[in-house]
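Taking it in order: structure first as C-alpha coordinates, then the write-up.
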Amino acid sequence: MKKIYLLFLSLIVVLCQCGPKPEPQDISIVPEPVQMEVDSNITFVINKNTKLSFLNVDKDSPLRQYVSETYSHYFGFQPQVKDAAVHNNIVFHLDANAANELGDEGYELVVGKHIIVLSARTEAGLFYAFQTLFQLAPGNACSENPQNLAVPGVKITDYPRFEWRGSHLDVCRHFFGVDKVKKHLDMMALYKLNKFHFHLTDDHGWRIQIDKYPKLTEVGAWRVDRSDVPWGEAEPAQEGEPCTYGGFFTKDEIREIIAYAALRHIDVIPEIEMPGHSSAILTAYPEFACDDYPYCVAIGPYWPPKAILCGGNDSVMVFLKDVFKEVAELFPYEYIHIGGDEAVKTNWYACPKCQQKIQELNLPTTEHLQGWMVTEIEKYLNKMGKKIIGWDEILDGGVSSTATIQSWRGQETAIRAAQHGNEVVMSPTSHCYFDYYQDDPETQPSAFNGYVSLPKAYSFEPVPDTLTTEQAKCIKGAQCNLWSEFIFNYDHAEYMLLPRVCALSEVVWTPKDCRDYQRFEARVPSQIKMLRQLGYNPCTTIGK
(Lines give C-alpha, C1' and ligand atoms only; values in the text may rest on other atoms or scores of the structure.)
Protein backbone atom coordinates (compact mmCIF):
# COMPACT_ATOMS: atom_id res chain seq x y z
CA MET A 1 0.00 0.00 0.00
CA LYS A 2 2.80 2.39 0.94
CA LYS A 3 4.64 1.71 -2.33
CA ILE A 4 1.45 2.41 -4.28
CA TYR A 5 0.98 5.70 -2.42
CA LEU A 6 4.58 6.79 -3.04
CA LEU A 7 4.14 5.94 -6.72
CA PHE A 8 1.04 8.14 -6.74
CA LEU A 9 3.01 10.97 -5.15
CA SER A 10 5.62 10.61 -7.86
CA LEU A 11 2.91 10.85 -10.52
CA ILE A 12 1.59 14.03 -8.94
CA VAL A 13 5.09 15.50 -8.93
CA VAL A 14 5.39 14.77 -12.64
CA LEU A 15 1.99 16.31 -13.33
CA CYS A 16 3.00 19.41 -11.43
CA GLN A 17 5.80 19.97 -13.92
CA CYS A 18 3.47 20.01 -16.90
CA GLY A 19 2.23 23.14 -18.65
CA PRO A 20 3.81 26.53 -19.31
CA LYS A 21 6.36 27.87 -16.85
CA PRO A 22 6.40 31.68 -16.88
CA GLU A 23 8.89 33.68 -14.85
CA PRO A 24 7.69 34.20 -11.24
CA GLN A 25 6.29 37.72 -11.01
CA ASP A 26 4.62 37.86 -7.61
CA ILE A 27 6.50 35.16 -5.70
CA SER A 28 8.70 36.50 -2.91
CA ILE A 29 10.96 33.91 -1.31
CA VAL A 30 14.04 34.95 0.68
CA PRO A 31 16.61 33.56 0.43
CA GLU A 32 16.01 32.88 -3.24
CA PRO A 33 15.94 29.11 -3.96
CA VAL A 34 18.58 27.42 -6.07
CA GLN A 35 16.01 26.31 -8.66
CA MET A 36 12.35 27.20 -9.05
CA GLU A 37 9.86 26.44 -11.82
CA VAL A 38 6.41 28.05 -11.82
CA ASP A 39 3.21 26.75 -13.40
CA SER A 40 0.64 29.53 -13.61
CA ASN A 41 -2.11 26.96 -14.33
CA ILE A 42 -1.81 25.42 -10.87
CA THR A 43 -2.92 26.78 -7.50
CA PHE A 44 -3.26 24.95 -4.21
CA VAL A 45 -5.68 26.44 -1.66
CA ILE A 46 -4.89 26.18 2.06
CA ASN A 47 -8.10 26.29 4.09
CA LYS A 48 -9.56 25.04 7.35
CA ASN A 49 -9.93 21.53 5.90
CA THR A 50 -6.35 21.17 4.73
CA LYS A 51 -4.67 18.14 6.24
CA LEU A 52 -1.05 17.60 7.25
CA SER A 53 0.62 14.24 6.73
CA PHE A 54 4.05 13.00 7.77
CA LEU A 55 5.77 10.16 5.91
CA ASN A 56 8.67 8.41 7.68
CA VAL A 57 8.65 11.12 10.38
CA ASP A 58 8.47 9.82 13.95
CA LYS A 59 5.36 10.76 15.88
CA ASP A 60 7.42 12.40 18.62
CA SER A 61 9.84 14.18 16.26
CA PRO A 62 10.78 17.84 16.81
CA LEU A 63 9.55 18.62 13.29
CA ARG A 64 6.01 17.48 14.06
CA GLN A 65 6.09 19.50 17.26
CA TYR A 66 7.26 22.64 15.46
CA VAL A 67 4.80 22.35 12.57
CA SER A 68 1.91 21.67 14.92
CA GLU A 69 2.80 24.70 17.04
CA THR A 70 3.50 27.03 14.11
CA TYR A 71 0.98 26.10 11.41
CA SER A 72 -1.88 28.03 12.97
CA HIS A 73 0.37 31.03 13.66
CA TYR A 74 1.52 31.12 10.04
CA PHE A 75 -1.66 30.19 8.19
CA GLY A 76 -4.43 30.93 10.69
CA PHE A 77 -6.00 27.43 10.67
CA GLN A 78 -5.74 24.72 13.28
CA PRO A 79 -3.59 21.84 12.00
CA GLN A 80 -5.31 18.55 11.17
CA VAL A 81 -2.70 15.81 11.24
CA LYS A 82 -4.06 12.82 9.32
CA ASP A 83 -2.84 9.81 7.40
CA ALA A 84 -1.71 10.64 3.89
CA ALA A 85 -4.52 11.58 1.52
CA VAL A 86 -4.72 12.58 -2.13
CA HIS A 87 -6.82 15.72 -1.76
CA ASN A 88 -6.21 18.96 0.14
CA ASN A 89 -3.10 17.52 1.76
CA ILE A 90 0.33 18.91 2.71
CA VAL A 91 2.78 16.02 2.93
CA PHE A 92 6.10 16.13 4.79
CA HIS A 93 8.15 13.29 3.34
CA LEU A 94 11.40 12.30 5.05
CA ASP A 95 13.16 10.53 2.20
CA ALA A 96 16.57 8.95 2.80
CA ASN A 97 16.85 8.38 -0.94
CA ALA A 98 16.37 12.01 -1.92
CA ALA A 99 18.96 13.52 -4.25
CA ASN A 100 22.47 13.73 -2.80
CA GLU A 101 22.75 17.35 -3.92
CA LEU A 102 20.24 18.32 -1.22
CA GLY A 103 22.71 17.46 1.54
CA ASP A 104 21.64 17.72 5.16
CA GLU A 105 19.70 20.98 4.83
CA GLY A 106 18.28 20.93 1.31
CA TYR A 107 14.74 20.11 0.22
CA GLU A 108 12.33 19.79 -2.66
CA LEU A 109 8.91 21.41 -2.61
CA VAL A 110 6.22 20.69 -5.20
CA VAL A 111 2.84 22.43 -5.21
CA GLY A 112 0.08 20.64 -7.15
CA LYS A 113 -3.58 21.52 -7.41
CA HIS A 114 -4.66 19.07 -4.70
CA ILE A 115 -1.46 18.27 -2.83
CA ILE A 116 1.77 19.86 -1.67
CA VAL A 117 4.78 17.61 -1.17
CA LEU A 118 7.78 18.71 0.90
CA SER A 119 10.62 16.19 0.76
CA ALA A 120 14.12 16.10 2.20
CA ARG A 121 16.79 13.75 3.48
CA THR A 122 16.61 15.22 6.99
CA GLU A 123 14.18 16.97 9.30
CA ALA A 124 16.27 20.13 8.91
CA GLY A 125 15.52 20.08 5.19
CA LEU A 126 11.81 19.63 5.83
CA PHE A 127 11.95 22.49 8.32
CA TYR A 128 13.44 24.84 5.70
CA ALA A 129 10.90 23.64 3.14
CA PHE A 130 8.15 24.66 5.57
CA GLN A 131 9.66 28.17 5.87
CA THR A 132 9.57 28.45 2.09
CA LEU A 133 5.98 27.25 1.98
CA PHE A 134 5.00 29.96 4.42
CA GLN A 135 6.62 32.63 2.26
CA LEU A 136 4.62 31.34 -0.70
CA ALA A 137 1.39 32.05 1.20
CA PRO A 138 1.94 34.48 4.09
CA GLY A 139 -1.40 36.29 3.94
CA ASN A 140 -2.92 35.04 7.20
CA ALA A 141 0.06 35.52 9.48
CA CYS A 142 -1.25 36.45 12.95
CA SER A 143 -4.74 37.10 11.54
CA GLU A 144 -7.81 36.63 13.74
CA ASN A 145 -10.01 36.04 10.69
CA PRO A 146 -8.04 33.75 8.37
CA GLN A 147 -9.02 33.49 4.72
CA ASN A 148 -8.31 30.71 2.27
CA LEU A 149 -4.76 31.00 0.97
CA ALA A 150 -3.73 30.45 -2.64
CA VAL A 151 -0.31 28.85 -3.04
CA PRO A 152 1.19 29.16 -6.55
CA GLY A 153 2.15 26.02 -8.41
CA VAL A 154 5.91 25.65 -8.10
CA LYS A 155 8.62 23.06 -8.13
CA ILE A 156 11.59 24.07 -5.98
CA THR A 157 14.95 22.40 -5.44
CA ASP A 158 16.95 24.18 -2.78
CA TYR A 159 20.03 23.83 -0.56
CA PRO A 160 22.45 26.23 1.15
CA ARG A 161 25.77 27.50 -0.13
CA PHE A 162 27.39 27.76 3.33
CA GLU A 163 27.09 25.71 6.51
CA TRP A 164 27.48 28.74 8.84
CA ARG A 165 24.63 31.21 8.42
CA GLY A 166 24.69 33.32 11.53
CA SER A 167 23.19 36.20 13.46
CA HIS A 168 24.81 37.83 16.50
CA LEU A 169 22.90 39.61 19.27
CA ASP A 170 24.51 41.74 21.97
CA VAL A 171 22.46 41.57 25.18
CA CYS A 172 25.18 43.23 27.29
CA ARG A 173 24.93 46.92 26.47
CA HIS A 174 21.16 46.62 26.82
CA PHE A 175 19.49 43.51 28.14
CA PHE A 176 16.86 41.72 26.05
CA GLY A 177 15.07 38.92 27.92
CA VAL A 178 13.94 35.42 26.98
CA ASP A 179 10.88 36.45 24.94
CA LYS A 180 12.90 38.87 22.79
CA VAL A 181 15.62 36.29 22.19
CA LYS A 182 12.95 33.80 21.09
CA LYS A 183 11.55 36.38 18.68
CA HIS A 184 15.05 36.83 17.29
CA LEU A 185 15.33 33.06 16.81
CA ASP A 186 11.99 33.01 14.96
CA MET A 187 13.29 35.68 12.60
CA MET A 188 16.45 33.66 12.01
CA ALA A 189 14.43 30.50 11.28
CA LEU A 190 12.24 32.31 8.76
CA TYR A 191 15.34 33.21 6.75
CA LYS A 192 17.11 29.87 7.19
CA LEU A 193 19.87 31.17 9.47
CA ASN A 194 21.25 28.44 11.70
CA LYS A 195 23.93 29.87 14.05
CA PHE A 196 22.94 32.17 16.93
CA HIS A 197 25.95 34.02 18.35
CA PHE A 198 24.80 34.88 21.88
CA HIS A 199 26.99 37.73 23.18
CA LEU A 200 26.62 37.25 26.93
CA THR A 201 29.50 39.10 28.62
CA ASP A 202 31.12 42.49 28.16
CA ASP A 203 32.14 45.66 29.97
CA HIS A 204 28.52 46.77 30.24
CA GLY A 205 27.08 43.66 31.86
CA TRP A 206 27.51 39.96 32.62
CA ARG A 207 24.37 38.12 31.50
CA ILE A 208 24.75 34.43 32.39
CA GLN A 209 24.40 32.69 35.76
CA ILE A 210 27.62 31.02 36.94
CA ASP A 211 27.09 29.02 40.11
CA LYS A 212 30.69 29.11 41.35
CA TYR A 213 30.94 32.90 40.97
CA PRO A 214 27.56 34.36 42.02
CA LYS A 215 28.82 37.95 42.13
CA LEU A 216 29.14 37.90 38.34
CA THR A 217 25.37 38.35 38.19
CA GLU A 218 24.74 39.82 41.64
CA VAL A 219 27.14 42.68 40.86
CA GLY A 220 28.30 42.36 37.25
CA ALA A 221 24.83 42.24 35.68
CA TRP A 222 23.78 45.68 36.92
CA ARG A 223 24.81 49.28 36.34
CA VAL A 224 23.50 52.78 37.03
CA ASP A 225 20.42 53.54 34.92
CA ARG A 226 21.10 55.96 32.06
CA SER A 227 18.43 54.57 29.75
CA ASP A 228 16.82 58.01 29.36
CA VAL A 229 20.03 59.56 28.04
CA PRO A 230 21.51 59.14 24.52
CA TRP A 231 24.37 56.64 24.60
CA GLY A 232 27.11 59.16 23.86
CA GLU A 233 25.93 61.59 26.55
CA ALA A 234 25.72 59.32 29.61
CA GLU A 235 27.49 60.71 32.70
CA PRO A 236 29.59 58.50 34.98
CA ALA A 237 27.97 56.93 38.02
CA GLN A 238 27.91 59.08 41.14
CA GLU A 239 29.03 57.74 44.50
CA GLY A 240 26.20 55.84 46.18
CA GLU A 241 24.02 55.83 43.07
CA PRO A 242 22.13 52.50 42.89
CA CYS A 243 22.79 50.00 40.12
CA THR A 244 19.33 49.03 38.89
CA TYR A 245 19.72 48.71 35.11
CA GLY A 246 20.48 45.31 33.63
CA GLY A 247 19.50 41.69 34.06
CA PHE A 248 20.76 38.19 33.35
CA PHE A 249 19.68 34.74 32.24
CA THR A 250 19.38 31.95 34.75
CA LYS A 251 20.61 28.54 33.66
CA ASP A 252 17.01 27.38 33.33
CA GLU A 253 16.27 30.32 31.03
CA ILE A 254 19.35 29.49 28.96
CA ARG A 255 18.13 25.89 28.65
CA GLU A 256 14.74 27.20 27.54
CA ILE A 257 16.38 29.32 24.83
CA ILE A 258 18.58 26.42 23.68
CA ALA A 259 15.57 24.10 23.40
CA TYR A 260 13.62 26.76 21.49
CA ALA A 261 16.53 27.22 19.11
CA ALA A 262 17.02 23.47 18.62
CA LEU A 263 13.40 23.12 17.53
CA ARG A 264 14.26 25.63 14.80
CA HIS A 265 17.51 23.90 13.81
CA ILE A 266 19.59 26.73 15.24
CA ASP A 267 22.83 26.13 17.15
CA VAL A 268 23.56 28.53 20.01
CA ILE A 269 27.15 29.77 20.38
CA PRO A 270 27.72 31.54 23.72
CA GLU A 271 30.39 34.22 23.88
CA ILE A 272 32.39 34.67 27.07
CA GLU A 273 34.82 37.56 26.56
CA MET A 274 38.47 37.11 27.53
CA PRO A 275 40.85 38.66 28.40
CA GLY A 276 39.55 42.16 27.57
CA HIS A 277 36.15 43.83 27.86
CA SER A 278 36.18 42.72 31.49
CA SER A 279 34.77 45.66 33.48
CA ALA A 280 31.81 43.60 34.70
CA ILE A 281 34.13 40.80 35.91
CA LEU A 282 36.54 43.18 37.63
CA THR A 283 33.72 45.05 39.33
CA ALA A 284 32.53 41.77 40.84
CA TYR A 285 35.98 40.27 41.43
CA PRO A 286 38.62 43.05 41.55
CA GLU A 287 41.31 40.55 42.58
CA PHE A 288 41.53 39.44 38.93
CA ALA A 289 42.79 42.87 37.79
CA CYS A 290 46.40 43.95 37.29
CA ASP A 291 45.89 47.12 39.32
CA ASP A 292 43.85 48.71 42.12
CA TYR A 293 41.71 50.81 39.79
CA PRO A 294 38.08 51.03 41.08
CA TYR A 295 36.32 49.31 38.15
CA CYS A 296 32.58 49.62 37.66
CA VAL A 297 30.15 48.09 35.18
CA ALA A 298 30.60 50.44 32.24
CA ILE A 299 28.12 53.18 31.34
CA GLY A 300 28.10 54.65 27.85
CA PRO A 301 30.98 54.84 25.38
CA TYR A 302 34.68 54.72 26.22
CA TRP A 303 38.04 54.15 24.58
CA PRO A 304 40.41 52.49 25.04
CA PRO A 305 38.87 49.58 26.95
CA LYS A 306 41.24 49.47 29.90
CA ALA A 307 39.65 46.56 31.75
CA ILE A 308 41.63 43.37 31.13
CA LEU A 309 42.12 40.22 33.17
CA CYS A 310 45.58 39.85 34.65
CA GLY A 311 47.46 37.40 32.44
CA GLY A 312 50.10 36.76 35.08
CA ASN A 313 47.72 35.87 37.90
CA ASP A 314 47.29 32.09 38.08
CA SER A 315 43.93 32.48 39.79
CA VAL A 316 42.59 34.14 36.62
CA MET A 317 43.13 30.96 34.61
CA VAL A 318 41.42 28.97 37.37
CA PHE A 319 38.50 31.39 37.19
CA LEU A 320 38.25 31.18 33.41
CA LYS A 321 38.37 27.38 33.39
CA ASP A 322 35.68 27.24 36.07
CA VAL A 323 33.44 29.56 34.05
CA PHE A 324 34.01 27.75 30.76
CA LYS A 325 33.34 24.42 32.45
CA GLU A 326 29.85 25.55 33.51
CA VAL A 327 29.24 27.11 30.09
CA ALA A 328 30.39 23.96 28.26
CA GLU A 329 28.11 21.80 30.41
CA LEU A 330 25.15 24.08 29.69
CA PHE A 331 25.45 24.60 25.91
CA PRO A 332 25.30 21.43 23.77
CA TYR A 333 26.74 22.85 20.53
CA GLU A 334 30.42 22.11 19.92
CA TYR A 335 31.51 25.76 19.56
CA ILE A 336 32.15 28.26 22.35
CA HIS A 337 33.18 31.83 21.49
CA ILE A 338 36.05 33.13 23.63
CA GLY A 339 36.02 36.76 22.43
CA GLY A 340 39.60 38.06 22.29
CA ASP A 341 38.90 41.40 20.59
CA GLU A 342 40.14 44.85 21.59
CA ALA A 343 42.22 43.55 24.50
CA VAL A 344 44.32 46.66 25.13
CA LYS A 345 47.54 45.53 26.88
CA THR A 346 48.47 48.78 28.68
CA ASN A 347 47.99 47.19 32.10
CA TRP A 348 49.99 44.12 31.12
CA TYR A 349 53.03 46.18 30.17
CA ALA A 350 52.99 47.78 33.62
CA CYS A 351 52.10 44.63 35.58
CA PRO A 352 54.99 42.76 37.28
CA LYS A 353 52.99 39.51 37.34
CA CYS A 354 52.29 39.68 33.62
CA GLN A 355 55.88 40.49 32.73
CA GLN A 356 57.14 37.66 34.96
CA LYS A 357 54.72 35.21 33.28
CA ILE A 358 55.98 36.33 29.85
CA GLN A 359 59.54 35.57 30.92
CA GLU A 360 58.60 32.21 32.46
CA LEU A 361 56.87 31.12 29.26
CA ASN A 362 59.64 32.59 27.07
CA LEU A 363 57.08 34.48 25.01
CA PRO A 364 58.42 36.80 22.28
CA THR A 365 56.11 39.74 23.09
CA THR A 366 53.48 40.88 25.56
CA GLU A 367 50.88 40.31 22.81
CA HIS A 368 51.70 36.60 22.92
CA LEU A 369 50.51 36.37 26.52
CA GLN A 370 46.96 36.55 25.14
CA GLY A 371 47.84 33.81 22.66
CA TRP A 372 49.03 31.61 25.52
CA MET A 373 45.78 32.22 27.46
CA VAL A 374 43.66 31.43 24.40
CA THR A 375 45.60 28.24 23.70
CA GLU A 376 45.26 27.10 27.34
CA ILE A 377 41.50 27.60 27.23
CA GLU A 378 41.27 25.87 23.86
CA LYS A 379 43.10 22.81 25.18
CA TYR A 380 40.86 22.79 28.25
CA LEU A 381 37.67 23.00 26.17
CA ASN A 382 38.94 20.42 23.68
CA LYS A 383 39.10 17.92 26.55
CA MET A 384 35.38 18.60 27.09
CA GLY A 385 34.62 17.94 23.42
CA LYS A 386 34.36 21.62 22.50
CA LYS A 387 35.95 23.86 19.88
CA ILE A 388 36.72 27.55 20.19
CA ILE A 389 35.93 30.47 17.93
CA GLY A 390 37.34 33.93 18.56
CA TRP A 391 37.50 37.38 17.01
CA ASP A 392 40.34 37.78 14.54
CA GLU A 393 42.64 39.51 17.08
CA ILE A 394 43.46 36.08 18.49
CA LEU A 395 45.62 35.61 15.38
CA ASP A 396 47.94 38.37 16.59
CA GLY A 397 49.25 36.52 19.64
CA GLY A 398 49.61 33.17 17.94
CA VAL A 399 46.86 30.59 17.72
CA SER A 400 46.51 26.91 16.85
CA SER A 401 45.28 25.88 13.41
CA THR A 402 42.25 24.22 15.06
CA ALA A 403 40.77 27.48 16.38
CA THR A 404 38.05 29.06 14.25
CA ILE A 405 38.50 32.75 13.45
CA GLN A 406 35.67 35.25 13.21
CA SER A 407 36.96 37.88 10.82
CA TRP A 408 35.50 41.33 11.55
CA ARG A 409 38.33 43.75 10.72
CA GLY A 410 38.32 43.01 6.98
CA GLN A 411 39.35 40.45 4.39
CA GLU A 412 43.02 40.61 5.33
CA THR A 413 42.55 38.75 8.60
CA ALA A 414 40.37 36.16 6.89
CA ILE A 415 43.05 35.59 4.28
CA ARG A 416 45.74 35.24 6.98
CA ALA A 417 43.60 32.74 8.88
CA ALA A 418 42.72 30.65 5.82
CA GLN A 419 46.34 30.59 4.71
CA HIS A 420 47.24 29.37 8.20
CA GLY A 421 44.66 26.58 7.86
CA ASN A 422 42.10 28.03 10.29
CA GLU A 423 38.41 27.84 9.51
CA VAL A 424 36.84 31.29 9.18
CA VAL A 425 33.46 32.90 9.77
CA MET A 426 33.14 36.16 7.88
CA SER A 427 31.54 39.21 9.52
CA PRO A 428 33.43 42.30 8.35
CA THR A 429 32.28 45.72 9.51
CA SER A 430 32.09 46.83 5.89
CA HIS A 431 29.09 44.61 5.10
CA CYS A 432 27.88 42.73 8.19
CA TYR A 433 27.63 45.25 11.06
CA PHE A 434 23.93 46.02 11.19
CA ASP A 435 24.29 48.48 14.07
CA TYR A 436 25.71 50.87 11.43
CA TYR A 437 23.46 53.33 9.61
CA GLN A 438 21.41 51.81 6.80
CA ASP A 439 20.18 55.07 5.24
CA ASP A 440 20.82 58.79 5.46
CA PRO A 441 21.82 59.50 9.10
CA GLU A 442 19.71 62.65 9.00
CA THR A 443 16.60 60.45 8.72
CA GLN A 444 17.65 57.55 10.97
CA PRO A 445 17.90 56.87 14.70
CA SER A 446 21.35 57.36 16.22
CA ALA A 447 23.75 54.57 15.31
CA PHE A 448 27.43 53.86 14.92
CA ASN A 449 29.09 56.05 12.32
CA GLY A 450 29.55 53.29 9.76
CA TYR A 451 27.20 52.83 6.80
CA VAL A 452 25.86 49.48 5.57
CA SER A 453 22.91 49.98 3.23
CA LEU A 454 20.71 47.14 2.01
CA PRO A 455 22.49 46.98 -1.38
CA LYS A 456 25.86 47.10 0.38
CA ALA A 457 24.89 44.16 2.61
CA TYR A 458 23.66 42.24 -0.42
CA SER A 459 26.89 42.86 -2.35
CA PHE A 460 28.97 40.97 0.22
CA GLU A 461 31.01 38.03 -1.08
CA PRO A 462 32.27 35.89 1.83
CA VAL A 463 35.11 34.15 -0.06
CA PRO A 464 38.09 36.45 -0.78
CA ASP A 465 39.10 36.05 -4.41
CA THR A 466 42.79 35.84 -3.55
CA LEU A 467 42.37 32.47 -1.81
CA THR A 468 43.28 29.27 -3.58
CA THR A 469 40.57 26.66 -4.11
CA GLU A 470 41.85 24.72 -1.11
CA GLN A 471 42.11 27.79 1.12
CA ALA A 472 38.59 28.87 0.13
CA LYS A 473 37.28 25.71 1.77
CA CYS A 474 38.25 27.26 5.12
CA ILE A 475 35.45 29.85 4.78
CA LYS A 476 32.61 28.29 6.77
CA GLY A 477 30.14 31.06 6.03
CA ALA A 478 29.17 34.45 7.38
CA GLN A 479 27.03 36.22 9.93
CA CYS A 480 25.65 39.65 10.72
CA ASN A 481 26.49 41.35 14.00
CA LEU A 482 24.23 43.62 16.03
CA TRP A 483 25.94 45.52 18.83
CA SER A 484 23.45 47.29 21.06
CA GLU A 485 25.16 50.45 22.29
CA PHE A 486 22.58 52.65 20.53
CA ILE A 487 19.79 50.06 20.69
CA PHE A 488 17.85 50.46 23.94
CA ASN A 489 14.99 48.05 23.12
CA TYR A 490 14.33 45.07 20.87
CA ASP A 491 11.85 46.98 18.69
CA HIS A 492 14.80 49.12 17.61
CA ALA A 493 16.93 45.99 17.17
CA GLU A 494 14.41 44.66 14.66
CA TYR A 495 14.51 47.97 12.82
CA MET A 496 18.27 47.69 12.43
CA LEU A 497 18.24 44.01 11.48
CA LEU A 498 15.41 44.01 8.97
CA PRO A 499 15.43 43.88 6.01
CA ARG A 500 19.25 43.67 6.03
CA VAL A 501 19.02 40.14 7.46
CA CYS A 502 17.14 39.25 4.27
CA ALA A 503 20.17 40.34 2.27
CA LEU A 504 22.59 38.42 4.47
CA SER A 505 20.44 35.29 4.29
CA GLU A 506 20.65 35.32 0.51
CA VAL A 507 24.41 35.89 0.62
CA VAL A 508 24.95 32.73 2.68
CA TRP A 509 22.24 30.51 1.14
CA THR A 510 21.81 31.29 -2.55
CA PRO A 511 24.54 30.30 -5.07
CA LYS A 512 26.79 33.21 -5.95
CA ASP A 513 25.93 33.06 -9.64
CA CYS A 514 22.18 33.13 -8.90
CA ARG A 515 22.20 36.33 -6.87
CA ASP A 516 20.85 39.49 -8.45
CA TYR A 517 20.19 42.66 -6.48
CA GLN A 518 17.42 44.02 -8.72
CA ARG A 519 15.52 40.75 -8.36
CA PHE A 520 16.11 40.79 -4.61
CA GLU A 521 15.02 44.42 -4.22
CA ALA A 522 11.77 43.63 -6.03
CA ARG A 523 10.99 41.02 -3.36
CA VAL A 524 11.72 43.28 -0.39
CA PRO A 525 8.32 45.07 -0.19
CA SER A 526 6.52 41.71 0.15
CA GLN A 527 8.99 40.67 2.84
CA ILE A 528 8.40 43.90 4.76
CA LYS A 529 4.63 43.38 4.55
CA MET A 530 4.99 39.81 5.82
CA LEU A 531 7.33 40.85 8.64
CA ARG A 532 4.85 43.48 9.80
CA GLN A 533 2.10 40.85 9.82
CA LEU A 534 4.33 38.73 12.05
CA GLY A 535 4.78 41.61 14.48
CA TYR A 536 8.28 42.75 13.49
CA ASN A 537 9.42 46.33 12.97
CA PRO A 538 11.46 46.44 9.74
CA CYS A 539 12.98 49.56 8.28
CA THR A 540 11.00 50.59 5.21
CA THR A 541 13.59 52.80 3.49
CA ILE A 542 16.42 51.46 1.36
CA GLY A 543 19.70 53.34 1.36
CA LYS A 544 22.04 53.50 -1.59
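Values for this structure:
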read-out: Long-range neighbours under 8 Å by Cβ, at least six apart or interchain, first residue over 16 Å from Leu320 (Cα atoms) within the stretch 333-344, second basic (Lys, Arg) and surrounded by fewer than 24 Cβ atoms within 10 Å (Cβ to Cβ); value: Glu334/Lys386; Glu334/Lys387; Tyr335/Lys386; Tyr335/Lys387; Val344/Lys306
read-out: Test: residue in the stretch 445-453 that is surrounded by 15 or more Cβ atoms within 10 Å (Cβ to Cβ) and not in a loop (DSSP other than H, G, I, E, B); value: yes
read-out: Check on Ile358, buried (at least 23 other Cβ atoms within 10 Å of the Cβ), at pLDDT 95 or above and either out of contact with any Lys or Arg (no Cβ under 7 Å at 6 or more places or on another chain) or under 29 Å from Trp231 (Cα atoms) (or both); value: no
read-out: Residue, nearest to Arg121 (Cα to Cα), within the stretch 54-87, restricted to residues that are aromatic (Phe, Trp, Tyr) and outside any loop (DSSP other than H, G, I, E, B); value: Phe54
read-out: Single residue of the stretch 150-201 satisfying the filter (touching an Asp or Glu at 6+ places or on another chain (Cβ under 6 Å) and assigned to a strand (DSSP E or B)) that is nearest to Glu218 (Cα to Cα); value: Thr201
read-out: Tally, over the stretch 26-53, of residues that are over 23 Å from Pro79 (Cβ atoms) and in a loop (DSSP other than H, G, I, E, B); value: 8
read-out: Of residues in the stretch 214-228 being open to solvent by less than 30 Å² (accessible area, probe 1.4 Å) and assigned to a loop (DSSP other than H, G, I, E, B), the one nearest to Trp509 (Cα to Cα); value: Ala221
read-out: Residue match in the stretch 266-285 (condition: more than 23 Å from Gln406 (Cα to Cα) and either open to solvent by 40 Å² or more (accessible area, probe 1.4 Å) or touching a Pro at 6+ places or on another chain (Cβ under 7 Å) (or both)); value: no
read-out: Unique match (being open to solvent by 40 Å² or more (accessible area, probe 1.4 Å) and among the β-branched types (Val, Ile, Thr)) among Thr429, Thr466, Thr510; value: Thr466
read-out: Residue list for the stretch 133-179, restricted to those being surrounded by fewer than 22 Cβ atoms within 10 Å (Cβ to Cβ), of a type in the set (D, E, K, R) and either under 19 Å from Asp267 (Cβ atoms) or modelled with pLDDT under 95 (or both); value: Glu144, Arg161, Glu163
read-out: Qualifying residues in the stretch 230-258 (those that are open to solvent by 40 Å² or more (accessible area, probe 1.4 Å) and of a type in the set (Val, Ile, Thr)) - the one farthest from Val323 (Cα to Cα); value: Thr244
read-out: Residue in the stretch 301-309 that is small (Gly, Ala, Ser) and out of contact with any Ser or Thr (no Cβ under 7 Å at 6 or more places or on another chain) present; value: no
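Residues checked against (1) open to solvent by 60 Å² or more (accessible area, probe 1.4 Å); (2) under 18 Å from Gly166 (Cα atoms); (3) not aliphatic (A, V, I, L, M):
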| residue | (1), (2), (3) |
| --- | --- |
| Pro455 | no, no, yes |
| Ser505 | no, yes, yes |
| Lys529 | yes, no, yes |
| Leu534 | no, no, no |
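The values are calculated or read from the model by the stated rules, or taken from the named source; none is laboratory data. What you see is a predicted model; the values in this text were computed from it and never measured. Because the Cβ atoms are built from the backbone with ideal geometry, glycine has one as well, and the counts that use them run over all protein chains shown. With ligands, DNA and RNA removed, areas are computed over all heavy atoms of the protein, side chains included. Shrake-Rupley method; radii C 1.70, N 1.55, O 1.52, S 1.80 Å.
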